[in-house]
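> Take this structure first; my questions come after.
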Amino acid sequence: MYSTIQAWNADESLMILYDQSNGVHQLLNGMDYAFVRNLDDLLPDDVEQIFWDFNDPDVFFYVDRITADLIKYSVGNKTKDILANLKELTDWGETLAQETMCK
C-alpha cells in the first residue's frame, strides 16, 4: 500500500511523512530526508489529508478535524490562515441532525 497524497512540496525541498508510532506528522528535508520538526500544531481531518500547494513550496492546506476550517499553513513562519469553514458552507450539521432524528 502507498499514500495517494504527494509527500513533497512544489520544489521538492520539503516533505511530510506521518510517524505512526508517535501519531504526528513530520517535516523532513526533501533532499536528504533530515528531520526538520514535528508538525504537532496540526490536527487534520485525516492523516492523509494534507495537500501541498502546487506552486508555493512554503504552503500546504488541510481541513481541521475539530473546527472544519480549511487552513492554509505556512511552513516557514508556522502561521495558519482560515480560508473557509466547511460546516458553514454546507448543511452538514443540519443534515446529520435530521438523519439522527429520523432513525
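> I need a count of the residues in the range 58-68 that are more than 11 Å from the chain's Cα centre (by Cα) and either in a strand (DSSP E or B) or at pLDDT 95 or above (or both).
1
> If I filter the range 22-41 for residues that are of a type in the set (S, T, N, Q), over 18 Å from residue 71 (Cα atoms) and modelled with pLDDT under 95, do I get at least one hit?
The answer is yes, given that some residue of the range 22-41 is of a type in the set (S, T, N, Q), over 18 Å from residue 71 (Cα atoms) and modelled with pLDDT under 95.
> A follow-up question, please. Can you pull out every residue in the range 14-52 that is in contact (Cβ under 8 Å) with a residue 40 or more places away in the chain and assigned to a strand (DSSP E or B)?
Those that are in contact (Cβ under 8 Å) with a residue 40 or more places away in the chain and assigned to a strand (DSSP E or B): 14, 16, 27, 50, 51, 52.
> Here's another thing I want to ask about it. Out of the residues in the range 46-71 that are surrounded by fewer than 16 Cβ atoms within 10 Å (Cβ to Cβ) and of a type in the set (D, E, K, R), state the one that is nearest to residue 7 (Cα to Cα).
Among those residues, the one meeting the criterion is 48.
The values are calculated or read from the model by the stated rules, or taken from the named source; none is laboratory data. This one's a predicted model, so the numbers in the text were calculated from it and none came from an experiment. Here Cβ is always computed from backbone atoms with ideal geometry, including for glycine, and neighbour counts include all displayed protein chains.
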